[in-house]
Amino acid sequence: MCYNTLMIHKNVNNNLLQELIDISLTMFRKNFFDIFHGAISMKIDDSKFVINTKDAVLNSPALKNYMVLTHKRNYSWQEASDDAFIHSFIYKEISEAKCIAYTFPNFTMAYSLNNNKFIPKDYFGYKKFKEAKIYNLGDYDSWYERADVEICNFLRQNKVNFVIVRGYGLYIYERELSQLAKTISMIENSAKILVLSDAFNKTQNSNILSSVDP
C-alpha cells in the first residue's frame, strides 16, 4: 500500500471518504464507470485532493483504490488516475469545485457522436439543463496534451459545471458528492430518452416508407 493511500486517514474525514466510496460504487453499478475507466475525486483543501488510483476498479470499496495527491506533481502521480491532471487543474481554477467526476455514460456518449447540442426533451431534463453545447475534442492523438486547459476553459466560459466531450466522456464538478451522482444520472436519463426516441422515429419512418413502396 502506497504512502499516499495511508495518508488518507490523516487528511480526510472518514464519513466523507466513505461517501466517496459509496458514490463510486453506485455510479459503477449505473454504468457511469467501466473497468479501469473513469475517475472521481474530492477536494481536501486548496493543496490536496483524493482521487482513485490508475488501476482502481471502482466497483470495489477497497481503500487501496484511492490516494491523496498534491497539486505539485511528484512521483506519486504515477500511481494516480490518468485524469488526475485534469481534476487538479479544475480544482486550482474553479473554487466552486469540491468534487469532480469523469464518466462515460453510454447513452450520453452515443448522443454526443451525432449532435452539437444537448437539448433534453423530457420535463426534468429540460427544467434542469435547458440546453448545453457538446464539445468536439478534435484530434484524438493530442487530446491529453490539451484536455486540462480546454475542459476548464469550456466550463468557465460557458458558466456551466459539466461538459459533454464528444467521444470521450462527461466531465462534471459539484459542491457535494450526492449532487454529483444525481446530476450525472439526470443527464444520462435525458440522453437515453433522446437516443431511444430518435431510434423509434427512424424505425417508424422506415416502416412508413416501406409501406408505400410499389
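Name the residue that is modelled with the lowest pLDDT, counting only residues in the stretch 152-208 that are surrounded by fewer than 17 Cβ atoms within 10 Å (Cβ to Cβ), small (Gly, Ala, Ser) and under 18 Å from Tyr123 (Cβ atoms).
This residue is Ser197.
Count, please, the residues in the stretch 118-151 that happen to be in contact with a helix residue (DSSP H, G or I) (Cβ under 9 Å, 6 or more places away or on another chain), in a loop (DSSP other than H, G, I, E, B) and either surrounded by 13 or more Cβ atoms within 10 Å (Cβ to Cβ) or basic (Lys, Arg) (or both).
5
Just to check your reading of the model, which residue among Phe154, Phe89 is assigned to a helix (DSSP H, G or I) and touching a residue at least 60 places away in the same chain (Cβ under 8 Å)?
Exactly one residue qualifies, and that residue is Phe89.
Which one is nearest to Lys30 (Cα to Cα) among residues in the stretch 72-86 that are surrounded by 15 or more Cβ atoms within 10 Å (Cβ to Cβ), in contact (Cβ under 8 Å) with a residue 24 or more places away in the chain and of a type outside the set (S, T, N, Q)?
Selected residue: Asp83.
Restricting attention to the stretch 21-68, and to residues there that are among the aromatic types (Phe, Trp, Tyr) and without any contact (Cβ under 8 Å) to a residue 40 or more places away in the chain, which single residue is surrounded by the fewest Cβ atoms within 10 Å (Cβ to Cβ)?
Once the filter is applied, the top-ranked residue is Phe36.
Looking at the stretch 96-117 only, could you name the residues that are under 18 Å from the mean Cα position of the chain (by Cα), in a loop (DSSP other than H, G, I, E, B) and not charged (D, E, K, R)?
Ala97, Phe104, Pro105, Leu113
The values are calculated or read from the model by the stated rules, or taken from the named source; none is laboratory data. Fair warning: this is a prediction, and the values are worked out from it, not measured in the lab. All Cβ positions, glycine included, derive from the backbone under ideal geometry; neighbour counts span all protein chains shown.
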